[in-house]
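Written below as structure tokens is the structure these notes are about.
The values are calculated or read from the model by the stated rules, or taken from the named source; none is laboratory data. Since this is a predicted model, take the numbers as computed values, not measurements. FYI the Cβ positions are ideal-geometry reconstructions off the backbone, even for glycines, and counts take in every protein chain you see. These area figures cover heavy atoms from the full protein model, side chains too; ligands, DNA and RNA do not enter into them. Shrake-Rupley method; radii C 1.70, N 1.55, O 1.52, S 1.80 Å.
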Amino acid sequence: LPPAFSVTQAFEEMAAKGAVNTPLLQAARVLRRNGFKTGVLTNNWVDDSAGRLFTATLMNLLHRHFDLVIESCRLGAQKPDPEIYTYALDALRMKPQEVILLDDIGENLKPAQEMGMATVLVRDTETALKELEELSGVQACRGEEPLPTACDPSDVTHGYVPIRPGVQLHFVEMGHGPVICLCHGFPESWLSWRYQIPALADAGFRVIALEMKGYGESTAPPGELGWRGFRGDGGLLGLELPGIPQTVLVGHDWGGAVVWNMALFYPERVRAVASLNTPYHPADPAVDIVEKTKAHPTFDYQFYFQEPGVAEAELEKDIGRTLKVLIRSTRREVGVGLRTGRGWRGGRLFSPRRLFPVPAAVSAGAESHHLHPIPLSPSGPLNWYRNMRPNWCWALSAKDRKITMPALMVTAGKDVVLRPSMSKGMEEWIPQLRRGHIEECGHWMQMER
């Protein structure tokens, strides 16, 4: 070997060449958002499925963010062999004239050009992105903010766990590592975490997104008085998944109330806790919870939900319309909206008024919401609102107790129901509280931002 030879240098160079090009990755996301299929063709010589090198981890990540990932060592063909391009076309169900191929080696582009594909030789990122924009007609590198990758219901592991006789929770999971459990609110489903699930899995966590009791495939206590089974821990205490003595809990809306209660009553099970929008305040024995809630006009809808069958009839009439009206962003337009304040009590929830439009991040994946409709029956999600006083009495048993594990409270500046001011004073009861705030964000934080 020459005197200056260094195996360290060789591996450092290889690792540097294997780094992700962030602008190109963002461009791929924008193209995918605009209806393009995306794929990666790699000339890698070692089958690293056992994970001895960094390539197994990298390929696993790429599979989540692209429609197709082809490793030459698995296919038995490599660029510039025409076979690998033919295989990709068949897998994507595309004609050559519908494909744009980028590569930093000109030799790899020649067979694609002969087959009729448009090609881009990547000499530098900026020039390549300009050529990609011209060929695709999409502003791939500027103007449009790329959405995070959302998970598809068919690409996650689904599971079910019994929490008591006749009652089970449905959940989805992805990734490996420390456990993070995500708890949604009303009228959402596990799919409301579709952007966070892949991101947390990519960051090295095992993500479990629950379908809360009474939603989707998670069953609720049967019978007219089944609402009494909707205690403030949401049934999570019964979530005895194998090998999970502790978890980080993250909740939104009703899910936020659940994770605060879990941290308060079962601290040995909770490694850390976070809530989006929903603040924590201890139960006060000197205050009647029903009267306190009535004092806030923005919570009037909760009393409309109290009589079984009334709100269900309106909300179930058109589930798609219900979700579109309820789950909205912070910009305004004219349409059908929610009645708020004293004006609608005793009437209907929806009325003609100025309406929040659905932003791209919220509407993306809406088809999946309709493929997995959210039942709004008397034994379903509305029963979370019908257990107000029993839950308050239960919370009184934790009087003067504090939440001691690391905690995070994230408020949204445009949430008209759970306003940031409602979180004032939480530090008194949560010594390790950290805060986050997103000013240009409404109630549906994990979908909107």
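Annotations for the structure displayed:
- Taking the Cα centre of the range 2-159 as origin and assigning +1 to Lys and Arg Cβ atoms and -1 to Asp and Glu Cβ atoms, the resulting dipole is close to 260 debye.
- The 3J(HN,Hα) values that the Karplus relation (6.51, -1.76, 1.60; θ = phi - 60°) gives for the range 201-214 are, in residue order, 5, 4, 7, x, 10, 8, 9, 10, 9, 7, 9, 5, 3, x Hz. Gly and Pro appear as x.
- Counting only aspartates and glutamates at least 8 places from K95 when in the same chain, those with an alpha carbon closer than 14 Å to its own are E114.
- Spatially proximal lysines relative to K292 (Cα-Cα < 28 Å; intrachain offsets below 8 disregarded): K213, K399, K402, K414, K424
- Under the simplified labelling scheme, the L25-R435 pair shows an inter-label distance of 3.2 nm, with each label point 7 Å from Cα along Cα→Cβ.
- Relative contact order, whole percent, for the range 20-138 stands at 20, derived from Cα pairs under 8 Å and 6 or more residues apart.
- Extension gain for A56 to H176 (0.36 nm times residue separation, less C-alpha to C-alpha distance): 41.8 nm.
- Interchain or long-range residues, amide H under 5 Å from C441's placed H: G413, K414
- Each of T125, T38 has its accessible area taken with a 1.4 Å probe; listed largest first, they run T125, T38.
- From the C-alpha gyration tensor of the range 7-136, square roots of 5λ in Å: 23, 18, 15
- Of the residues L62, C73, N21, the one whose Cα sits farthest toward the positive end of the charge dipole of the range 7-136, with +1 on the Cβ of Lys and Arg and -1 on the Cβ of Asp and Glu, is L62.
- Over the range 36-76 - Rg/Rh using Cα atoms and the Kirkwood inverse-distance radius: 0.96
- For the range 1-70, the list of chymotrypsin sites (Phe, Trp or Tyr not before Pro) that fall in a loop by DSSP and count at most 13 other C-beta atoms within 10 angstrom reads F5, W45, F54.
- Here the label points at D152 and K294, each 7 Å from Cα along the C-beta direction, are separated by 5.2 nm in the simple model.
- Taking all protein chains together and a 1.4 Å probe, the residues S72, S397 rank S397, S72 from largest to smallest accessible area.
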